[in-house]
Every structure is written in C-alpha cells, then in structure tokens.
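Written out below as structure tokens is the structure these notes cover.
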C-alpha cells in the first residue's frame, strides 16, 4: 500500500482515489460454482474483540478446515483490514496482521510495504527499512518504498515543491526516456490499453511529443505532453490525478485572469475577477490570443481523461480547472488578448491576481452529505440524492444499505408514486451499493456482472411507482454500471446529459512514477463489466430527455434538470 501514515488525512484521500473510485468492490460474500465464499477479512473484523493472536489462529484454523469456504487468495481485502487497525491506532495489532499477510503472500511487494509502514509508525525504523527494501526488491516500481527509505535516512531533507518544479529543466534524454517508460508502463499495467485507440496511434503521440522536446523544455511543459498521452487511452481510471499538481505549480500571474464556463459550445464569463473594467458577466469569449475558442477547447480536450469518447466529462473538468488549463494549452503567455462576441476590437486583460480553481458548480444545490432523501409536499413524490456509491463491505456499506432501507420504507408508508433519483456528481464506488439500490427498482432476478454468476433477487418491497433518473458527465465508474441496468431494463425516465460512464468499466488503480522527472500518474489495473453488454462501450448512457443548464440558468442558480423532472411529474 502506498501511503504515509504520518499524514493520515492526505493518504486516506489517496486510498479513496486508488481503491474506492472504481467499478469493483470486495464483497462480504461471493458466489462461485454454487458455493458461498465468505470474506476472511470480514470474519477477522467481526472478531476484533479477541486478542490479535487468537484472530490469527482463527485464520489458520479456517484455512486448514475450510480452505474453499473463504477468500484466502484476496490479499487486498486482508490488507485493508490491516490498515483499518493501523488507522485506529492499533499499531501492534496491525503489525501482526501485516506479518500474517507477508507470510501468506511472500512474493508480493505490497505486504512488505505495509509492514514497513506499520513498523515506521511504531518507531522501529530499522525493521521499516528492511521491509521497504524487500518490497522494492520485489517491485522496482514501488517508489513509495524508495521515498520512505530516503525519508528515514535523511529526515532533514526538504522535498521539492510543485512551484519549484514548474520551470525546472531536465535533459532531453531524461524527458525522452521517461516518455518511453510512460508508454511501456501504460501497456504493462492497463488491461485494455488499446480498446479505444490503436497501438500505432498511441505510439505516434509519444513520438510526436518526443519530437517537441528541446534543451529548454520545462517540467510544466513536459507534464502537458504526458497528459495527452495518458488521455489518449480514453480511460476514466487512468490519469495524472486530476489537475491538482498543475494547479498548485502554476504562478497566479500566468493564469487566465477571468473565470469562465463552457456551456452549449459557448464560453461565457461567469466572474470577471479583476477585469470588471474589461468584461461583464455572461460576455461570450469567441477567441483567446487569436485562437478560436472552439479550437482551443478541442485542443484542451485531448489532455483530459474520460471513458471512451465521452465529452461531457471533459466539459465538467474544463469548467472546474479553466483558469489553469487555458495557460497550459497556450504555452503560458505573458498576456491574454480576447475577442468578445458583439465587440469590434480585441481586449487585453489585466494580469490575474486571484483565481478560484478548482471551481465547484454551486448553481445546483447539493445535499449536505452523499445521501439525501426528501418527500415533497404532496406526499406523492420524493427525491433520493445519491452523490456517491463509495460504500464498501470492509468499511461502511451498512450506512448505504440502512439509508436506502429507511428511505424505501418511508416511501411505502407514505404511498409515494413518483421517485426522482439524482445521480449527478456521482463518481462511483462499490458494486454492492449499486446492487442494493437496484434490488428496490427491478421486478425480476438479475446477474450483475460478467465476472460473477450469482443471481440477485429483487426486494419484496421494491418500488412500484414511476422513477426519474438525473444524470451528468460527472457520473463515473459504478454509476455507469447502475445506469446500464436502468437503460436496458427500462426502469424509468432518464433526464440530463450523456453519463460519464458505461456498463464497461476499468477498475482499480496502480500508482506509477517516471524515473527521471518523478511524475506520478495512475493506471487502471482491472476491468469490470455488467451483464448489459448490448449497450455501446464507447459512449455514456444516454438520457431520454437531453437537458442542460443555459448560462442564464447557471447565473440564476436554476437547476434546469431537476426542474424538468418535476414538470414531467406535474404534467
């Protein structure tokens, strides 16, 4: 596991990115050849009241007596259990569990990395280094082990900041070697590298970028080259980690000095910032530094990852990071000269003094948590908001299940006839949460994914009324799995824009780092597909009613999609 326990909150966020924002999740139980297979990690967790030595003895006894009854080959789930102990400050217990995992998976790099971290937290740096070195021996790409060894040996060494790396220059040879390494690692790790592109096209981009390298190429320019290569794989789980690093390293003075929004193929000003003397709210920008906005957006889209050929995801990404994406795309100009629709002359903008990236969409009122439920005034309609499926058996699946159970029980009690399920902004999560919700909506048994053979039975109190689903381009990963069943089984009316995902999904992530520039990126390492294989893989789930906010809706904070759904119910 690639984490630094000394900065717990940051690494919990990284853990979420790597293991949770995926189409796959670990089950409490799975079905194989008609036999129930129990989760050994969950079994140990249920016995946390026992001393850790007795839990380990239980593991060995169950493995001896019932080797096929538990998922003893699932290293990741057992590792997650170990980290749950470490994060609960049960360090000695975590060490013993990690030692068990090392014993059970001696040829795997991650257990040694995890054990080393636990030793480091416990203050035993000698054993930490020993296990980090073993992890690195088994996996030379484990840069976390490399960094931790250096951190232990040289505790006073100050790490380079993103701002310091912005203008740093490496040699052309170092850049080109890293580009070759990037291409090879993407092919090695990603299970479907060429599903949405060809090998020839992929390597052609790499060779093109190598041809642009000069003795003056900066690290920031190199990152922009790499982003296009990674985005060309067309995989939502393969990226450079959003745009946070670029956002942090970019000097304010080089930013595009106006907050904008790309909507309905037009670029509007939504906040003039310190250019109120130059532009107004809702002015349409038609060119920047002589380049038509449509071409500029098209060029930027090449650098934004999304699933298949889905562009709605890219639109949301651009609107979140626009003041940083524009300068990267234009090679960091000193000044910005724009042309506004209806104005004869161009306008030279004042240099930026502030920015708001990442800019969150506050025009749509979101619920305070990931799960919200509200019965409307007439008691005949309700809105169920699900902003995440990020609920896992090894962590908090019961929170999701209890919320859904209570919500549908309340709807049955009130006699609700119309249900709006709002899935906008939902980045995905576990299969288990998706399946649990589907059981309230389907009227016949179903098999969820091509990797499982278990029949899912609908709940006896499944919802019998009309359902309306609100979707957008930010609905990724498991959201596509869920909506593929909605589409295929005609479980209701879909409203909004093309979803950011499909029934086919890459899953999980391997964190990688380039040798010379130390650029970190994330690569999907598995795939997961629902049984709804009739839908196309390359486009997102499409709505029955295509509805997006106009610029006036955005400025006036009108939720056009929800408004449309409520009007359908009213009519």
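So here's what we get for this one:
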item: Test: residue in the range 392-411 that is within 20 Å of residue 500 (Cα to Cα), in a loop (DSSP other than H, G, I, E, B) and touching a residue at least 40 places away in the same chain (Cβ under 8 Å); result: no
item: Boolean, residue 502 is under 16 Å from the mean Cα position of the chain (by Cα) and either over 19 Å from residue 429 (Cβ atoms) or at pLDDT 90 or above (or both); result: yes
item: Verdict on residue 373 being over 30 Å from residue 556 (Cβ atoms), surrounded by 14 or more Cβ atoms within 10 Å (Cβ to Cβ) and in contact with a strand residue (DSSP E or B) (Cβ under 7 Å, 6 or more places away or on another chain); result: no
item: Among (1) within 24 Å of the chain's Cα centre (by Cα); (2) modelled with pLDDT of 95 or more; (3) surrounded by fewer than 18 Cβ atoms within 10 Å (Cβ to Cβ) - the single one residue 546 does not satisfy; result: (1)
item: Sole residue being surrounded by 18 or more Cβ atoms within 10 Å (Cβ to Cβ), within 23 Å of residue 311 (Cβ to Cβ) and in contact with a helix residue (DSSP H, G or I) (Cβ under 7 Å, 6 or more places away or on another chain), chosen from 463, 504, 482; result: 482
item: Answer from 79, 36, 43, 30 - the residue that is at pLDDT 50 or above and part of a strand (DSSP E or B); result: 36
item: Flag for residue 243 being within 20 Å of residue 224 (Cα to Cα), buried (at least 19 other Cβ atoms within 10 Å of the Cβ) and in contact with a helix residue (DSSP H, G or I) (Cβ under 7 Å, 6 or more places away or on another chain); result: yes
item: Search result, residues across the range 520-543 that are within 30 Å of residue 260 (Cβ to Cβ) and buried (at least 17 other Cβ atoms within 10 Å of the Cβ); result: 521, 522, 540, 541, 543
item: Among the residues listed as 176, 184, 195, the single one being surrounded by 15 or more Cβ atoms within 10 Å (Cβ to Cβ), part of a helix (DSSP H, G or I) and either at pLDDT below 95 or out of contact with any strand residue (DSSP E or B) (no Cβ under 7 Å at 6 or more places or on another chain) (or both); result: 176
item: Sole exception among (1) touching a strand residue (DSSP E or B) at 6+ places or on another chain (Cβ under 9 Å); (2) in contact (Cβ under 8 Å) with a residue 12 or more places away in the chain for residue 115, by number; result: (1)
item: Number of the condition not met by residue 158 [criteria: (1) under 30 Å from residue 249 (Cβ atoms); (2) at pLDDT below 95; (3) part of a loop (DSSP other than H, G, I, E, B); (4) within 25 Å of the chain's Cα centre (by Cα)]; result: (4)
item: Condition broken by residue 351, with the remaining ones in (1) buried (at least 19 other Cβ atoms within 10 Å of the Cβ); (2) touching a helix residue (DSSP H, G or I) at 6+ places or on another chain (Cβ under 6 Å) satisfied; result: (1)
item: Residue match in the range 437-445 (condition: in contact (Cβ under 8 Å) with a residue 40 or more places away in the chain, outside the structural domain of residue 140 (by TED's automatic domain parsing), in contact with a strand residue (DSSP E or B) (Cβ under 6 Å, 6 or more places away or on another chain) and not in a helix (DSSP H, G or I)); result: no
item: Selection status of residue 318, surrounded by 13 or more Cβ atoms within 10 Å (Cβ to Cβ), at positive phi and touching a helix residue (DSSP H, G or I) at 6+ places or on another chain (Cβ under 9 Å); result: no
item: In the range 549-565, the residues that are within 20 Å of residue 499 (Cα to Cα), in contact with a strand residue (DSSP E or B) (Cβ under 8 Å, 6 or more places away or on another chain) and part of a helix (DSSP H, G or I); result: 554, 561, 562, 564, 565
item: Pairs where the first residue, in the range 135-146, is surrounded by fewer than 21 Cβ atoms within 10 Å (Cβ to Cβ) and the second is part of a loop (DSSP other than H, G, I, E, B) and modelled with pLDDT of 90 or more, C-beta under 8 Å, 6+ apart; result: 138/107; 138/108; 143/518
item: Residue within the range 301-315 that is in contact with a helix residue (DSSP H, G or I) (Cβ under 9 Å, 6 or more places away or on another chain), crowded, with 20+ Cβ neighbours inside 10 Å and closer than 19 Å to residue 271 by Cα present; result: yes
item: Residue check for residue 319: in contact with a strand residue (DSSP E or B) (Cβ under 9 Å, 6 or more places away or on another chain) and touching a residue at least 40 places away in the same chain (Cβ under 8 Å); result: yes
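Yes or no, residue by residue, for (1) without any contact (Cβ under 8 Å) to a residue 24 or more places away in the chain; (2) closer than 16 Å to residue 152 by Cα; (3) outside any helix (DSSP H, G or I):
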site	(1), (2), (3)
95	no, no, no
107	no, no, yes
111	no, no, no
120	no, yes, no
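The values are calculated or read from the model by the stated rules, or taken from the named source; none is laboratory data. Quantities reported herein were computed from a predicted structural model and do not represent experimental measurements. For neighbour counting, all protein chains shown are included, and Cβ atoms are generated from backbone atoms with ideal geometry for every residue, glycine included.
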